[in-house]
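Student: Quick one: this structure, given as structure tokens, is what I'll be asking you about.
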Amino acid sequence: MVAFHASALDGVARNPALPTPLLLRLLAFDCGGDGPPGHALQRAGLPEQAVAVILAHPDPRVRIDFAMSTGAEPAQRARLADDPSPKVRAALAYGPEWRVPRTVVAPLPDAVCGHLCDDPDASVRSALLDSPHLVPSFVASLATHHDPAARRGAVSAWEILPPGERSALLADPDPEVRRAAALWECRQDAHVTAELLRDPKSAAAALRRGLLHRADAERCLAERTHLAALAENPSLPTDLVERLAVDPDEAVRLAVSLRPELGETRRMGIDFTVGAFDRGDVEWVRDGLADPEVLRRAATSAHPLLRRAAAQSPHLPPDLVRLLARTEDPLVEDLLGRHHPDTPEEVLMRVYARLGGTFSAWMAETHPRFPREGLAARYADHPDGNYRRLAVRDPAATPALIERLSHDPAVWTRQAAAGDPRLPLRRLREALHVPELASSAGANPALPEDEMTAVLERAGVPA
């Protein structure tokens with residue numbers, strides 16, 4: 001197949017205006033042994049005829065693509081739960097790999113998850129337990145499962161487990177389950193913490209989270225064992241916190257500086273260093289991303305890592321969003337653009353300007369609040385093609401301007417214009433035959449049905 005025919009076909013496969021008969025033709029096409037174009041399989045709102053074709057497709061790669069689609073409804077994907085291929089069932093069990101923070105993946109029904117958790121193939125069971133899309137109630141339901149791996153997974157729902165099930169997991173016959181349960185229980189039981197400290201596999205985690213006997217804390221400090229973990233421990237006595245605050249190890253001092261109980265004066269009096277690209281993975285903030293008090297303490301702190309941690313919350317109130325937008329920290333701006341639905345336009349534009357061509361810039365540009373009005377007047381003649389491309393986003397951009405931009409020296413600008421429905425039809429038809437524009441033109445929703453049909457025919461897709 002000629003390369004630009006393949007590109008145009010790929011574009012048509014993701015065209016939102018693609019009629020069902022043409023979609024069905026695409027789904028039946030093996031594309032030289034590679035199966036139908038992937039975009040045809042991951043479209044949102046697939047009609048039942050198309051879903052039926054995919055579910056019965058002889059190529060398991062096609063069914064795998066559908067099993068991991070973010071566009072398909074969970075009930076549609078669930079119909080693959082008894083697929084003959086364990087690879088397909090494993091793909092279904094894990095679910096979509098799309099990790100864009102603003103994308104919400106609807107979970108499979110609990111009954112389907114339970115069915116997959118009992119699958120005869122270990123890879124399917126493992127994929128389900130590794131899935132980031134399981135709801136807490138289902139995870140908790142695994143506490144009494146016959147598979148130790150499932151019971152170990154249930155431990156992550158510890159806070160909603162009934163006391164009886166917690167006790168059973170602490171006494172589980174499987175040592176890995178017992179260890180995982182103990183690492184939760186140790187937060188409120190110093191005796192359990194002391195037991196975990198004797199196990200090299202669990203000592204660091206127990207020091208970080210567990211309720212500590214003072215003697216255990218002093219021994220670890222004297223032996224300089226896992227001091228950065230110890231510095232995070234919520235139960236660490238104040239005098240030991242102060243000793244660690246002046247420790248010669250910079251990582252230890254940084255860990256102390258992030259403790260939640262510190263006042264701002266004491267926190268900023270600690271000698272710590274934060275790198276320009278260090279993200280705020282602070283457990284007490286991460287666990288409180290929906291807690292107004294936690295967010296306010298973190299967002300109003302002078303500590304860069306606390307502000308960066310707060311910027312990852314989609315629940316920040318407007319005043320804290322405005323405050324963080326003024327911090328002059330590029331990483332805070334980047335995180336706001338990724339996570340918060342009300343990130344100010346000027347922040348999104350700064351991220352775009354600073355990081356054009358990166359994932360972060362793409363996240364900013366696709367943000368619902370990214371500016372549109374006025375972009376044509378501001379950027380259509382900008383010396384940088386990345387900015388000229390923004391002119392295509394403006395609702396006031398004229399067909400003449402869109403056509404002019406479809407001939408732009410910058411390929412990204414030409415492609416953006418080729419995909420815009422205001423592009424004059426004559427130029428749109430022409431773009432279908434230009435290698436670097438064919439995919440964008442094929443996806444243009446203004447492309448007439450007869451032109452889509454012609455794309456399929458040129459690519460050799462049978463009628």
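Student: Full extension from D130 to D239: what is 0.36 nm times the residue separation minus their Cα-Cα distance, to one decimal in nm?
Tutor: Residue separation times 0.36 nm, minus the Cα-Cα distance, leaves 35.2 nm.
Student: At a Förster distance of 30 Å, what's the computed FRET efficiency of T358 paired with A396, Cβ-Cβ distance as r, to 0.05?
Tutor: Here the calculated transfer efficiency is 0.60.
Student: In addition: Restricting to DSSP H runs of at least four residues, report the calculated mean residue ellipticity at 222 nm for the chain, -39500 (n - 2.57) per run over all residues, nearest 500 deg cm²/dmol.
Tutor: One gets -14000 deg cm²/dmol as the mean residue ellipticity at 222 nm.
Student: How would you rank 238-248, 255-265, highest first, on the average number of other Cβ atoms within 10 Å across their residues?
Tutor: Ranked by mean Cβ neighbours within 10 Å, highest first: 255-265, 238-248.
Student: Any idea which of P409, A143, A190 is furthest toward the positive side of the dipole for the chain, if Lys and Arg beta-carbons carry +1 and Asp and Glu beta-carbons -1?
Tutor: Most positive-ward Cα: P409.
Student: Based on the Cβ-Cβ distance of A446 and W412, what FRET efficiency does E = 1/(1 + (r/R0)^6) give at R0 = 22 Å, to the nearest 0.05?
Tutor: On the way: r = 20 Å, r/R0 = 0.91.
That pair, A446 with W412, gives E of 0.65.
Student: If you roll a 1.4 angstrom probe over the protein chains with everything in place, what fraction of the accessible area of the chain belongs to carbon and sulfur, to the nearest %?
Tutor: 56
Student: Under a point spin-label approximation (7 Å from Cα along Cα-to-Cβ), what is the V246-R322 distance to one decimal in nm?
Tutor: 4.2
Student: In whole angstrom, how far apart do the alpha carbon centroids of the stretch 271-306 and the stretch 334-364 sit?
Tutor: Each part reduced to its Cα centre gives a spacing of 19 Å.
Student: I'd like the FRET efficiency for R266 and A290, computed as 1/(1 + (r/R0)^6) with the beta carbon distance as r and R0 of 25 Å, rounded to 0.05.
Tutor: On the way: r = 27 Å, r/R0 = 1.08.
E between R266 and A290, to the nearest 0.05, is 0.40.
Student: With +1 on each Lys and Arg Cβ and -1 on each Asp and Glu Cβ, and nothing else charged, work out how big the dipole of the chain is about its Cα centre, in Debye to the nearest 20.
Tutor: Details: 54 positive and 65 negative charges, 139 e Å.
Dipole magnitude for the chain comes out near 660 debye.
Student: Simple spin-label model, 7 Å along Cα-to-Cβ: A463 to R219 in nm?
Tutor: It works out to 8.3 nm between the two label points.
Student: Considering Cα pairs under 8 angstrom that are at least six residues apart, work out the relative contact order of the chain and quote it in whole percent.
Tutor: 14 percent.
Student: Of the listed values (i) 27.3, 81; (ii) 22.0, 80; (iii) 21.7, 74, identify the label whose number matches Rg and Dmax of the Cα atoms in Å calculated from this model.
Tutor: Label of the calculated value: (i).
Student: Using the heavy atoms of the protein chains and a 1.4 angstrom probe, tell me the accessible area per residue for the chain in square angstrom.
Tutor: Accessible surface, normalised per residue, equals 46 Å².
The values are calculated or read from the model by the stated rules, or taken from the named source; none is laboratory data. Keep in mind that what you see is a predicted model, and the values were worked out from it rather than measured. Because the Cβ atoms are built from the backbone with ideal geometry, glycine has one as well, and the counts that use them run over all protein chains shown. Heavy atoms of the whole protein, side chains included, go into the accessibility calculation; ligands, DNA and RNA do not. Shrake-Rupley method; radii C 1.70, N 1.55, O 1.52, S 1.80 Å.
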